[in-house]
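Q: Sharing a structure with you now.
The values are calculated or read from the model by the stated rules, or taken from the named source; none is laboratory data. All of these numbers come straight from a predicted model, not from anything done at the bench. Cβ placement follows ideal geometry from the backbone for every residue including glycine, while neighbour counts extend to all protein chains displayed.
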Amino acid sequence: MTRSTSPFRELSMRRKAREIDVIVIGAGHAGLAMSAQLSARKVEHVVLEAGDIGHRWRRERWDSLRLLTPNWTLNLPGKPYAGQNADGFMHKDALADYLEGYARAVAAPVKRATPVHRVTGVGTKYRVTTTQGEWYCRALVLATGAYAEAAVPKVAEFLPQGVTQVTARDYRRAADLPRGKVLVVGGSATGLQLAQELRNAGREVILSTGEHVRMPRQLADRDVYWWLTKSGVLWESADDVDDIVRARRLPSPQLVGQPGADLNLGSLQDAGVEIVGRFAGVSQGKAQFSGNLPHLCKSADLKIQRLLQRFAESVPGVLSEEQLIVTPTELARPRLSVSLADEIKVVLWATGFKPDYRWLDVDTFDAKGRLKHSGGVVAAPGIYALGLPLMRSRASTFIAGIEPDTRALAEHLYGYLNTCTQRIAVST
């Protein structure tokens with residue numbers, strides 16, 4: 001692990017260390033929800049936030065982004081959504097304001113502008129080194145979530161220098177990109193939304209996608225999240241899934257935060273976006289694409305067909321036979337390669353996000369560097385995680401799922417504080 005040599009860390013070492021029962025790292029919706037749960041149990045804690053509340057929503061997402069989940073799903077502990085637009089989709093900046101208001105409502109003890117540089121075990125406690133000094137705690141909550149940094153594939157290293165590369169984290173608006181054709185890589189919600197936005201701005205766009213998940217925005221005048229909730233799909237646990245590793249890596253559904261608006265490969269093609277297969281590599285200055293996209297489209301069509309059938313069986317008498325029909329994805333024969341630099345001027349990586357635990361110097365990672373946990377209870381004494389894919393249920397990455405997750409983990413943490421005597425193993 002790389003150690004920080006910044007003057008901030010040197011300054012923090014000279015300040016008197018403070019002790020507290022629990023430290024929550026991250027003041028997003030997960031960290032604030034856990035703070036509310038801990039306060040309800042009268043557990044002494046502090047929430048350390050690297051920037052400001054809602055920082056990632058304000059500074060690390062594109063300008064037009066709206067949530068993919070309806071406002072009625074914003075049920076943080078003790079404060080369900082009470083606005084006037086329950087069926088709308090909140091803009092990212094409005095969500096940041098919403099989180100600020102929630103932090104005030106639950107009196108969350110947030111320490112802003114306090115990035116964590118390192119966490120190590122010391123006996124039965126953890127030492128947390130920040131720019132504002134050192135803390136010692138008996139339990140630690142990792143609430144930085146699954147979307148801390150952009151996940152860019154290795155193939156990015158082989159692109160010609162004449163091609164501008166941008167991640168979805170850094171992209172803000174179409175006007176900021178250099179002129180020329182844009183290759184958007186990634187077939188989940190982010191990739192499709194950005195491809196649509198660029199096309200609407202008059203740009204020539206190619207979308208590269210592999211495995212993907214189709215999802216209708218509405219069925220029978222009800223949002224798909226109503227159906228996912230009522231059918232129980234959203235609350236399926238890790239134990240309900242045959243292959244948990246694969247399930248956690250599945251791409252997010254192709255959706256856009258707009259009532260009744262479907263967004264999929266077919267609608268993008270109709271709008272003038274060229275669809276190609278998965279970005280497989282670079283050879284002789286050309287981007288190479290996989291040829292199995294037609295097969296993956298058929299697979300996605302079958303999966304959405306099965307999902308609709310499950311909806312109909314779970315809530316009988318609502319969906320008609322016509323509403324259960326899935327229109328097959330019919331794409332033009334996709335190209336298998338495209339010249340980089342000559343034809344493509346910008347590659348926009350919409351290939352997902354990943355957690356960032358580089359500061360966690362504790363023996364709790366597997367051979368592939370993934371955090372080891374069971375339902376958010378990390379494989380290290382007194383450490384808990386929040387907001388990870390299929391952590392306790394499929395809802396774990398959504399605001400809708402944070403109340404049951406934080407309630408369960410807060411109870412576990414409370415019990416741990418009353419019994420903790422185990423020494424902590426520090427990674428080497």
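Q: State which residue pairs qualify: first residue in the same structural domain as V43 (by TED's automatic domain parsing) and closer than 18 Å to E44 by Cα and inside region 94-122, second residue of a type in the set (D, E) and crowded, with 18+ Cβ neighbours inside 10 Å in any location, beta carbons under 8 Å apart, and separation of 6 or more residues or different chains.
A: V110/E49; K111/E49; R112/E49
Q: Any idea which residue in region 404-422 is farthest from S231 (Cα to Cα), counting only those that are surrounded by 18 or more Cβ atoms within 10 Å (Cβ to Cβ) and in contact with a strand residue (DSSP E or B) (Cβ under 7 Å, 6 or more places away or on another chain)?
A: The qualifying residue farthest from S231 (Cα to Cα) is Y416.
Q: For residues that are free of Cβ contacts under 8 Å to residues at least 24 places away in the same chain, surrounded by fewer than 16 Cβ atoms within 10 Å (Cβ to Cβ) and either in contact with a helix residue (DSSP H, G or I) (Cβ under 8 Å, 6 or more places away or on another chain) or assigned to a loop (DSSP other than H, G, I, E, B) (or both), tally how many sit in region 306-316.
A: Within region 306-316, residues that are free of Cβ contacts under 8 Å to residues at least 24 places away in the same chain, surrounded by fewer than 16 Cβ atoms within 10 Å (Cβ to Cβ) and either in contact with a helix residue (DSSP H, G or I) (Cβ under 8 Å, 6 or more places away or on another chain) or assigned to a loop (DSSP other than H, G, I, E, B) (or both) number 2.
Q: Checking L319 against (1) exposed (fewer than 15 other Cβ atoms within 10 Å of the Cβ); (2) outside any helix (DSSP H, G or I); (3) touching a strand residue (DSSP E or B) at 6+ places or on another chain (Cβ under 7 Å); (4) not small (G, A, S), only one condition comes out false. Which one?
A: Result: L319 passes all but (1).
Q: Mind listing whichever residues of region 59-89 are closer than 30 Å to R18 by Cβ and in contact with a Gly (Cβ under 9 Å, 6 or more places away or on another chain)?
A: R59, K79
Q: Continuing with this model, one more query. Quick one: G281 ticks every box in (1) surrounded by 16 or more Cβ atoms within 10 Å (Cβ to Cβ); (2) not in a helix (DSSP H, G or I) bar one, so which box is it?
A: All conditions are met except number (1).
Q: Shifting gears a bit: Within region 253-292, track down each residue that is more than 26 Å from the chain's Cα centre (by Cα) and farther than 20 Å from R333 by Cα.
A: V282, S283, Q284, G285
Q: Let me ask something else about it. Can you find, within region 348-360, the residue that is farthest from the chain's Cα centre (by Cα) among those that are surrounded by fewer than 18 Cβ atoms within 10 Å (Cβ to Cβ) and part of a loop (DSSP other than H, G, I, E, B)?
A: That would be R358.
Q: Criterion first (touching a residue at least 60 places away in the same chain (Cβ under 8 Å), in the same structural domain as Q193 (by TED's automatic domain parsing) and over 19 Å from E211 (Cα atoms)) does I344 satisfy it?
A: Against the criterion (touching a residue at least 60 places away in the same chain (Cβ under 8 Å), in the same structural domain as Q193 (by TED's automatic domain parsing) and over 19 Å from E211 (Cα atoms)), I344 qualifies.
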